[in-house]
Amino acid sequence: MLATVALVLGAALSASAHYTFPKAGTGGDWQYVRKADNWQSNGFVGNVASEQIRCFQSSSAAALATFNATAGSTVTYGAAPNVYHPGPMQFYLARVPDGETVNTWKGDGAVWFKIYQEQPNFGGQLTWPSTGKSSFTVSIPKCITSGFYLLRAEHIALHSASTAGGAQFYISCAQLGVTGGGNTDPPASYKVAFPGAYKAADPGIQININYPVPTSYKNPGPAVFSC
């Protein structure tokens, strides 16, 4: 009996420790964000070679609407209930190609460029500014070409990442219409594909953050693009 209660309680605690990224801009849940496969389960992506590593969708499906943002402004992205686990928050953009529409474009190919990555605080243990937060702001580069984009939010939970496949990826993609931009398309050296950008054994993905406590951290993926 006690064992059964412990199992049920453990499952409940495990589920409560998971989260989604359902909100972007001024909209409600899944209004401007493509509904991720974990919208009910709060689960995570564990396989970096899975198609889900892109936008956490088994099959591409549009958001209810597209959020309008000005290049150079910030967009607020929300987690529900909050980011529980230690690890880095990262954001990527991908421009919808001319001739495609934001509602149907899948975001495939080497089209994603990183616009933000979080580093930990180093000391007696690694601590991450994102832990415990439910709201994040990210700046849209002022120089990028106006048009439609997917904004990919990614949090990598590293509490169980000491073995390959132990990292947990919490992901979603918002649909943006960017205006007031410049004429810059980030160079190919900044662009990656999902899947393809990450390997399970990348040092920022397979890492023991507990012991010995790391004195540096290398974020997975490309360098951050800035204007």
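Any read-out appearing in this document is the output of simple, stated calculations on the displayed coordinates, not a laboratory observation. Because the structure is a prediction, the values reported are computed rather than measured. Cβ placement follows ideal geometry from the backbone for every residue including glycine, while neighbour counts extend to all protein chains displayed.
Distances between every pair of Cα atoms in the range 149-192, grouped in 10 Å steps from 0 to the bin holding the largest one, split as 20, 33, 30, 14, 3 percent. Its Kirkwood hydrodynamic radius, worked out from the mean inverse distance over all distinct Cα pairs, puts the range 70-178 at 15.1 Å.
The Cα trace of the chain gives Rg and Dmax of 17.6, 66 Å, the first to one decimal, the second as a whole number. Put a dot 7 Å past the Cα of ALA200, heading toward its Cβ, do the same for SER73, and the two dots end up 4.3 nm apart.
Over the chain, DSSP H runs of length four or greater, each weighted -39,500 (n - 2.57), average out per residue to a 222 nm ellipticity of -2500 deg cm²/dmol. The range 99-168 and the range 187-213 have Cα centres separated by 12 Å.
Starting from the Kirkwood radius over alpha-carbon pairs of the range 126-227, derive D by Stokes-Einstein at 10 °C in a medium of 1.306 mPa s and give it in µm² s⁻¹. Stokes-Einstein gives a translational diffusion coefficient of 100 µm²/s. As a proxy for reagent exposure, ranking LEU126, LEU158 by other Cβ atoms within 10 Å from fewest up yields LEU126, LEU158. Label separation (ASN121 vs THR104): 4.9 nm, computed from points 7 Å beyond Cα along the C-beta direction. Taken over the alpha carbons of the range 65-110 as equal point scatterers, the Debye sum produces base-10 log I(q)/I(0) values at 0.33 Å⁻¹ of -1.29.
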